Amino acid sequence: MAAVQFVTWSKKMMFQPVGSREQTKYTDQLAIAIRSMFPCDCAISAECFPTTVDALFPSEMESVSKAVAVRRSEFAAGRIAARRALAEIGRPHAEIPAGADRAPRWPTGTIGSISHAGGVAVAVVAATATIKAIGIDIEIMDAVRPELWPLVLSADERHWLRRQPAAEQIRWATAVFSAKEAFYKFQYPLTGQWLDFLDVEVRATQNSFTASAPHSPIAGLEEVFQGRLLHLERFIVSALYWVRQRGESSSVA
Ligand SMILES: CC(C)(COP(=O)(O)OP(=O)(O)OC[C@H]1O[C@@H](n2cnc3c(N)ncnc32)[C@H](O)[C@@H]1OP(=O)(O)O)[C@@H](O)C(=O)NCCC(=O)NCCS
């Protein structure tokens with residue numbers, strides 16, 4: 001049985017004014033829960049959307065100028081959360097433009113990851129001097145319905161899923177999906193490698209998972225990386241990080 005942490009969500013939250021006390025209380029609770037998944041060198045922040053795009057820099061606005069309102073809003077919420085997290089590690093207010101590959105271009109000396117789902121954006125950041133790679137993903141807990149399983153889960157993963165209690169299978173499928181997305185974001189800035197869901201093998205346990213890309217042509221991706229899982233009342237969150245060893249250069253990934 002998946003142990004679920006309660007970070008109380010109410011639908012009303014999305015209809016509160018931007019920055020209302022209810023939203024702030026919720027996003028603070030969420031950030032605290034997620035913080036337990038990362039080392040203390042990392043900062044985490046969360047922001048609800050819809051939100052205003054006023055906080056975007058022109059370079060950021062450019063990447064969503066043709067997007068629909070909800071996409072602009074989730075993008076803006078991610079940038080607001082990321083800048084708040086950067087401030088927490090003592091970094092100045094700065095633009096975080098998106099590359100042509102959609103990956104955020106973090107300010108020099110920093111690294112991070114952003115995810116959004118169900119009206120909430122979360123961001124994790126750290127200094128490259130301490131963290132080499134980082135990935136986060138948040139999903140609504142029942143997002144991955146059975147019709148998607150053959151597209152996103154390998155035969156082995158589906159075999160494992162069928163052995164879980166029937167009432168929990170969608171939650172676990174969502175957890176594996178989320179772990180794959182976190183792994184993708186974790187590895188991409190290091191390797192530039194596009195991966196399909198079926199390229200990545202995930203094994204999930206209660207609060208953790210392992211992920212690897214066993215057949216990747218990129219050296220190192222066949223290694224098994226350890227990640228963390230958090231089951232919340234409404235969301236599943238996946239986290240992966242790679243701590244830089246003392247003395248290891250931070251100029252080269
Ligand atoms: C990035 C991706 C994995 C998740 O995007 P999504 O479904 O919109 O879900 P999320 O909200 O969790 O994450 C989006 C954020 O990931 C970040 N992101 C996008 N591409 C990224 C990349 N190549 N590397 C690192 N982070 C990336 C961005 O910050 C983006 O938010 P933003 O555009 O508002 O800044 C997906 O869109 C993608 O690019 N998929 C292609 C590869 C894939 O899915 N493979 C299967 C998993 S192995």
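Quick notes on this structure:
- Some residue of the stretch 211-220 being among the hydrophobic types (A, V, I, L, M, F, W, C), in a loop (DSSP other than H, G, I, E, B), modelled with pLDDT under 95 and in contact with a helix residue (DSSP H, G or I) (Cβ under 8 Å, 6 or more places away or on another chain): yes
- Residue within the stretch 84-96 that is part of a loop (DSSP other than H, G, I, E, B) and near the ligand (Cβ under 9 Å from one of its atoms) present: yes
- Any hit, the stretch 170-193, residues being assigned to a loop (DSSP other than H, G, I, E, B), within 15 Å of the ligand (Cβ to nearest atom) and not assigned by TED's automatic domain parsing to the domain that holds residue 43: yes
- Criterion applied to 115, 45 was being modelled with pLDDT of 95 or more and touching a Lys or Arg at 6+ places or on another chain (Cβ under 6 Å), and the one residue passing it is 45.
- Residue satisfying condition, being assigned by TED's automatic domain parsing to the domain that holds residue 157 and without any contact (Cβ under 8 Å) to a residue 12 or more places away in the chain, within set 223, 233: 223
- Hey, residue 41 in contact with a Ser or Thr (Cβ under 8 Å, 6 or more places away or on another chain), closer than 23 Å to residue 126 by Cα and assigned to a loop (DSSP other than H, G, I, E, B) or not: yes
- A single member of 124, 144, 70 is under 23 Å from residue 177 (Cβ atoms) and either at pLDDT below 95 or near the ligand (Cβ under 10 Å from one of its atoms) (or both), and it is 70.
- Scanning the stretch 122-160 for residues that are among the small types (Gly, Ala, Ser) and closer than 17 Å to residue 36 by Cβ yields a total of 3.
The values are calculated or read from the model by the stated rules, or taken from the named source; none is laboratory data. All figures in this text were calculated on a predicted structure; none of them were measured in a lab. No Cβ is skipped: glycine too gets one built from the backbone with ideal geometry, and neighbour counts run over all protein chains shown.
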